[in-house]
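What follows is a short report on a single structure.
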Amino acid sequence: MLRIIRYSFADLIRSRWLYFYTGFYLVLTGALFLISADLSKVIVSLMNAILFIVPLVALLFGVMVQYNTREFTELLLAQPIPRRSIFLGQYLGIATALAISFLLGAGIPFILSGIFLSGEIWNFSILLLSGILLSYIFSALGYLLALINDNRIRGFGLAILVWLLLAVVYDGLFLLGLAWFSDYPLENVAIGVTVFNPIDLARILILLKLDVSALMGYTGAVFNKFLGTSLGMGLALTILVVWAVLPVSMIRYISLRKDF
Amino acid sequence: MLRIIRYSFADLIRSRWLYFYTGFYLVLTGALFLISADLSKVIVSLMNAILFIVPLVALLFGVMVQYNTREFTELLLAQPIPRRSIFLGQYLGIATALAISFLLGAGIPFILSGIFLSGEIWNFSILLLSGILLSYIFSALGYLLALINDNRIRGFGLAILVWLLLAVVYDGLFLLGLAWFSDYPLENVAIGVTVFNPIDLARILILLKLDVSALMGYTGAVFNKFLGTSLGMGLALTILVVWAVLPVSMIRYISLRKDF
Amino acid sequence: MIHLHHIHKSFGRLEVLRGVDLAFDRPGITAVLGPNGSGKSTLLKSILGMVLPDQGEIHFNGKPIDNLGQYRKDISYLPQIARFPENLRVRELIRMIESFRSQPSQSAELIHQFGLESVLDSQLGHLSGGTRQKVNLVLTLMYDTPVIILDEPTAGLDPVAMVKLKELIIQAREDGKILLITTHIMSLVEELADRVVFLLEGRIYFDGKPDELKQRVDEPNLEKAIANLLSGGHLTPIQPLDASSKPIKKMNGNVVQPQLKY
Amino acid sequence: MIHLHHIHKSFGRLEVLRGVDLAFDRPGITAVLGPNGSGKSTLLKSILGMVLPDQGEIHFNGKPIDNLGQYRKDISYLPQIARFPENLRVRELIRMIESFRSQPSQSAELIHQFGLESVLDSQLGHLSGGTRQKVNLVLTLMYDTPVIILDEPTAGLDPVAMVKLKELIIQAREDGKILLITTHIMSLVEELADRVVFLLEGRIYFDGKPDELKQRVDEPNLEKAIANLLSGGHLTPIQPLDASSKPIKKMNGNVVQPQLKY
Amino acid sequence: KLHVGAGQPFATIQAAMDEARSGDQVIVHPGLYRECPVVVNKSITLTGYGMPVLDALGEKEGIIIEADSVTIEGFEIRNTGYSYIEDRAGIRIKRTKAFTIRNNRLILTFFGIYLEHAKSGRVINNAILGKPLAEANSGNGIHLWYCKDIDIVGNLIRGHRDGIYFEFATQSRVRRNISEQNLRYGLHFMFSNDDIYTGNTFRDNGAGVAVMFSSRIHMLNNLFHLNWGQAAYGLLLKEIYDAEIRENVFQKNTVGIFTEGSNRIHYKDNDFLNNGWAVKVAGACEKNDFIRNNFIGNSFDFAAVGNMETNRIEENFWGDYSGYDLDKNGIGDIPYRPIKLFNYVVDQTPETIILMRSLLVEILNFSEKVSPVLTPAEVSDAMPNMHRYIR
Amino acid sequence: STGPQPISYGEDACNFCKMTIVDQQHSAEAVTLKGKVYKFDAIECLVHYVSPLDEATFSHLLVANYDQPGSLMDAQTSSYLISPNLPSPMGAFLNAFDDANRSAAMQTSMTGELHSWESLKTTLTLKNQIPQ
Ligand SMILES: Nc1ncnc2c1ncn2[C@@H]1O[C@H](COP(=O)(O)OP(=O)(O)OP(=O)(O)O)[C@@H](O)[C@H]1O
Ligand SMILES: Nc1ncnc2c1ncn2[C@@H]1O[C@H](COP(=O)(O)OP(=O)(O)OP(=O)(O)O)[C@@H](O)[C@H]1O
Ligand SMILES: [Cu+2]
Ligand SMILES: [Mg+2]
Ligand SMILES: [Mg+2]
């Protein structure tokens, strides 16, 4: 498996695309720093960008790489390599490449800015962690979509659709729902619904670090009790990990049953 | 050529992806109408979504379709069809499909809302026009990128990069430049720089018409102040059209010189 | 070495293999014949675990094959339709496959034998049809494995390469390997095959020596013999249709009596 | 009908065609032979305008070929490596190609002849290798055109389909068509070819009747004759290297004297 | 001077006081004194050397001052115990004037220093420490009831209900105190007029300062920090008039300033940093000025319900301002509208705060920016400053 | 969970006046039929909140028992005493007792006037709550 991961990783690197992706985050983070010297503001802006771009790019690259490596996969299937290693290895290769790319691109400017000396180090770690988890989650979803759909246009369309759904539409419906049923006690529902959308979950993880003061004003102090504690934090992280594991096990399931 | 356009169009329709795309705009526009009955407000909200999503989807589908129809292209090359018809036809097929999809999705709710009876019809047309122009511009760019890069991952990576640059980073860098050189008169530079970003141009085009100074941004304000509304609009529109024509003629140039 | 028990495989509603029992135990060359779409490639792929049968079992070296695929260390496989990552260079592809298999490889010698030195730095997408097939052959034959499975190995090869290939195949037989080959070129079968398996609509209609086949159809030319087999239309498979019943007799090399009506 | 004047083509630093002069005016079957990578497919593709020569001119029916490609109405072309949109169904693909060409098509008959009725609704990506080639043949042969160019038409075909194909080719010759065929199966050349063009490293080393070739090499078997040609290594192309000089003689059918040293 | 303590002329404070005359100084040496309540009914100075301890044994008050011109300094008073019935205090000042309470330490007193009907006194540099973990039943640190002209300077108050409580207390000054970890408010004004508080720190209280039903309060140069929770405000204003709120720093509070029914107040030169809401106007507020403040890093800069037309919002620096300054006069060319659509949504349905900073919310905010429908258009800074005010 | 919820003293805020709830003798709570819970720092705040609304939309109206700080009881059946000697957080001097005998007894020792839930709603107005 390690060989496959390494190969898939190297393949992405050779396409030089990763440099651009890293470069993009470098430029973005760097520019944010230049515009504002306030670390926490940079973190907020970066969070907005991350929650929106990481899932999109990861989805598209998951789809992309799956389609692009079909030939490669067929070659490997005749070699003495376990099937799951082939597919999971490819997936882990992309996901890790994306995660590292993101980590370097977003992390280097922060380190240069002396984050280690500031009190924001914890907020920053949560931000990076979320970005990494989202990279893993959404590249798995993309890879899965491509594995299921042989029609490439449909695969890509679905990926964009999934992104639109989770990044915008989901929250829209959620908001409407909350407004609609505002006569009912919704604190727990609100948290429950959030859990089903990894982007929301990641956002709240960061929010808990950044906007505690505002969140503390929330009725019923549900946040306090649920997410504000380290238990809640752990739970949120766990759910994110589940989000990453679920599509991966689907990939595994499907890959073990597919004919080539 | 018409047959190729039609075929390429039909191919997209068969992948059912277009329905989702149309549906997305329907939902989006519909939802905006639900939230607010104010037409000009809906137009601006929609503008925002359009400026983000239309370029992204058009780029990706330009790339996607080019890669996906390589086999198809090889089949056609042996048929009595002019080369440029094949490539331009395919490109026009996607672009038109995307444009129509957008037109229907964004237009129907407006028509239902009685736009024809209101004074906003002209603003609305500008919005639709911008969306359509962006569809054409960015699917041409995507198609071109895929035509130039045989490495699919690189092609896709570049497409996403172009989008990130033009839709996300560009303004940031521009603002940074402004902050940096704030002691110099920058109006001409601002106009010049805007010209290189069709997304910016489209936004200015809409905002000049709507005259929402709050949203115009620095470049928009400069446009307004130094060119006046009608000259500014004329200029923006012209450059947008140039933006559409340029990559298309590049497609033509390259397609006439490529071996298969 | 390789035992297939009652293999069934459908793609959607299309039944491609309908109860195939086969055994390959002795060294030698078996030609798997049959018209287009009869299921030859599907059969070979299911030995590789690339196609997963709906029913039946495949044993390799006495053990059922599994998804871990370690048994594939002992198999070299040449796919019929070779799909390569088109951007890769030949050298890179060979090195890559080598890196996934920690067995000693004879790629250098094969590259020399097929005269591929000059294209090592070409992208796979830019190769000519025959050169592509040569690369495909190098990738397959570079390991010393007891089983070699070749699906249409001659496609697109020029006469010189063809001669080379035949030499390699004969050498492999002499080394005591088990070879499974599909081809539509009967002269090749005649030249090489120790055993012929004839597949039609997912069933085995003949399994025996080439001479036996000619005898049965009373036709000295193998090509015509096969054509006769097909056009005659009076065929009966040598295995029962009923999937639940045991195969009449365990196939073992070429001892089975074909039950052809003609 | 088809005239190639001093065609040069390089891919990067690789010179694939180095001054090819050829003419195809008379009806009949020309076999374009040569080892893998010698430039056969490139030559055929440049007639189609798919590959654009660096130097030289190609005339079709007296007119230089152009990017508009209307002359392709008169050509049917079978590509060597058939790339299909893999999601399409066979029926859709055939209908699609028909829709781009407003000539009467004989697809239905060909489908019947190759027995493709049952796979019409299969996706192209799910076809077996031979079936794929049959579809490829149907797409090529469904129009009645004066010129037919077949690049390795027999690859993967089973004997029955092969017989059918030969019939179709012979029929086309009888209809007075010009056929260009590349193949590595010498029996096929022997059976069908009226003229043989031998290509090596981008130059033409022989252009004449098959019998002539055998005579030259003093070898009754064509396969061996070709092998001799290659392994002998004492070859001289029949055209000058110098691109600026005029061709010594206008090629016309098989009247050219090959200047082979052996 | 009368000395009290082991080995001193007087064994008990009471004994010394019985001897003392007005103007005398009673000096208490280190030790534990169990004679609470110590009632001071002469104008004397009661000085502890080396922090003698007065222990009220959980059921008495500490010191009760019933004479004018008394000074109490250097004592540790502890353990008055709690009661639902009576408000026990560490030090109680009853209807007197010109007192000084200085350098004492009050530990686990129910009420710390209780001033009723007192005048012209000073409470300086005392440490008043209640239960570190706030518990429902606790009194106020410094409690003023019908007082006038009191100086409260440099005290540390921790762990009470209200750190400092003013009820009907006028013309008094609260300076350089630290009031933290109090259950309810760091400083609380009820029906008190013409008071000033400057240079104080209010940290981690239920709310920093609450000013209610009071007029002409000046609030200068204070730090309101980390007042977190559902009902947590840096500064809570209710029914107050003609106040000055200047040069304060509001940092990381759930709500920086919450104001309701308060008129003619000048909010000037304040810094609002990283609060949940910087300013929340709950209605019926008229003729207030919000001028030259810095709004930086707040989740929401401004929230308002009701008519805001008579209020002035000008020349503030808004961290989220994205306008431009074409004529380069340092003032943005387009007005800034600090109320986002999402503010409004959250006000209506508090649960929606869970959607904060989502892409959807950014889009909604953007669209509302164009032509406000739900948010009040009059809440707008027509002359937003381009640069942060440095102070 | 459609029942009443315990009040977190020092943390929860009064739904009416926004102040932090600290007084266990005077807190109050209202629960709607749909399950939404509102908490109050003083009984007077509950009264002001509920008065303009339809009481039928609440499943619970609860007030703190003066004698058992921290425990809540039904507002409609409780007995109330407004006494100048028993201050309450929002200045209404309003206290609740679990039975009429007990409140009458308190009235004799502390003076003041007795009220029922209904009479409370009519006598208590925002205006007379603020002294001065
Ligand atoms: N993945 C697939 N999905 C659906 N049908 C398939 C798939 N793979 C193969 N088939 C069908 O199974 C049948 C047998 O295919 P197979 O490739 O085994 O034939 P073959 O005997 O190798 O033929 P050929 O001589 O042409 O290579 C064909 O009809 C083919 O269309
Ligand atoms: N698009 C291309 N880019 C680069 N090189 C190419 C390209 N197409 C063909 N070539 C090279 O040109 C040479 C001739 O290829 P061509 O396909 O014409 O050979 P061929 O004679 O048809 O061989 P075969 O018998 O294997 O089909 C080969 O070396 C091939 O690698
Ligand atoms: Cu209240
Ligand atoms: Mg096959
Ligand atoms: Mg070829």
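All of the numbers you see were taken from the coordinates with simple rules; none came from a lab. If you're wondering where the values come from, they're calculated on a predicted model, not measured in any experiment. Ideal geometry is used to build each Cβ from the backbone, glycine not excepted, and the neighbour counts take in all protein chains shown.
Comparing the protein assembly as shown with the 2.2 N^0.38 Å rule of thumb, its C-alpha radius of gyration ratio is 1.24 (two decimals). Using a cut-off of 20 Å between Cα atoms, the listed pairs A:Lys209/E:Lys340; C:Lys177/C:Lys209; C:Lys73/C:Lys166; E:Lys42/E:Lys119 include A:Lys209/E:Lys340; C:Lys73/C:Lys166 as exceeding that distance.
Each label point was placed 7 Å from the Cα along the Cα-to-Cβ direction; for E:Thr198 and A:Ile239 their separation is 5.1 nm.
The fewest-to-most ranking of F:Ser109, F:Ser27, A:Ser249, A:Ser15 by surrounding Cβ atoms within 10 Å reads F:Ser109, A:Ser249, A:Ser15, F:Ser27. With respect to chain E, whose longest principal axis is taken over its alpha-carbon atoms, helix E:359-370 is tilted by about 70°.
Given R0 = 45 Å, the distance between the Cβ atoms of C:Ser187 and B:Met1 translates into a calculated FRET efficiency of 0.40. For E:Arg391 and E:Arg173, what is the calculated FRET efficiency with R₀ set at 22 Å and r taken between the beta-carbons, to the nearest 0.05? Here the calculated transfer efficiency is 0.50. Distance between the C-alpha centres of segment E:25-90 and segment A:173-205: 56 Å, rounded to the whole angstrom. Can you say what percent of the DSSP beta bridges in the protein assembly as shown, counting only those with both residues inside, are antiparallel? Round to 5. If I count the DSSP bridges inside the protein assembly as shown, around 30 percent turn out antiparallel. Work out the mean other chain Cβ neighbour count within 10 Å for the residues of F:5-11 and drop it here as an integer. The mean count of partner-chain Cβ atoms within 10 Å per residue comes to 5. Normalised by the number of residues in segment E:249-343, the mean separation of alpha-carbon contacts (under 8 Å, six or more apart) gives a relative contact order of 24 percent. Sequence-distant contacts, meaning Cα pairs under 8 Å at least 6 residues apart, place the relative contact order of chain B at 26 percent. Distances between copies at A:Ile239, taken between label points 7 Å from Cα along the C-beta direction, are 4.6 nm in increasing order. Computed from Cα positions, the angle between helix C:159-174 and the longest principal axis of chain C comes to roughly 70 degrees.
For segment E:10-65, which GluC sites (Glu not before Pro) are in a loop by DSSP, counting at most 13 other Cβ atoms within 10 Å? Sparse-neighbourhood loop GluC sites (Glu not before Pro): E:Glu59.
Annotation: aspartates and glutamates with alpha-carbon distance below 17 angstrom to E:Lys1 (same-chain offsets under eight excluded): E:Asp18, E:Glu19, E:Asp24, E:Glu73. Its relative contact order, with pairs defined as Cα atoms under 8 Å and 6+ residues apart, puts chain C at 26 percent. Percent of Cα pairs in chain B per distance bin of 5 Å, from zero to the largest separation: 1, 6, 13, 16, 17, 15, 13, 9, 6, 3, 1, 0, 0. Between E:Leu374 and C:Asn221, the modelled label-to-label distance comes to 8.6 nm, taking each label 7 Å out from Cα in the direction of the beta carbon. If R0 is taken as 41 Å, the Cβ-Cβ distance between E:Glu35 and F:Leu114 corresponds to a FRET efficiency of 0.40.
Counting only DSSP beta bridges with both residues in chain C, the antiparallel share comes to about 55 percent. When Rg and Dmax are taken over the Cα atoms of segment E:9-115, they come to 12.5, 39 Å.
By how many degrees, 0 to 90 and rounded to 10, does the Cα axis of helix F:100-110 deviate from the longest principal axis of chain F? It works out to around 50 degrees.
Of the chymotrypsin sites (Phe, Trp or Tyr not before Pro) in segment A:65-149, not one is in a loop by DSSP (not H, G, I, E or B) with at most 16 other beta carbons within 10 Å. Label separation (C:Ser99 vs B:Ser125): 6.0 nm, computed from points 7 Å beyond Cα along the C-beta direction. Scanning chain B for long hydrophobic helices, with DSSP H runs required to stretch 30 angstrom or more by C-alpha along their axis and to average at least -0.5 on the Kyte-Doolittle scale, returns B:39-68, B:83-112, B:121-148, B:229-255. For the peptide B:21-27, the mean number of other protein chain Cβ atoms found within 10 angstrom of a residue's Cβ is 2.
Every pair of different Cα atoms in chain C enters the Kirkwood calculation, which places the hydrodynamic radius at 19.1 Å. Per-residue mean of foreign Cβ neighbours for B:66-76 is 5 (Cβ atoms of other chains, 10 Å radius).
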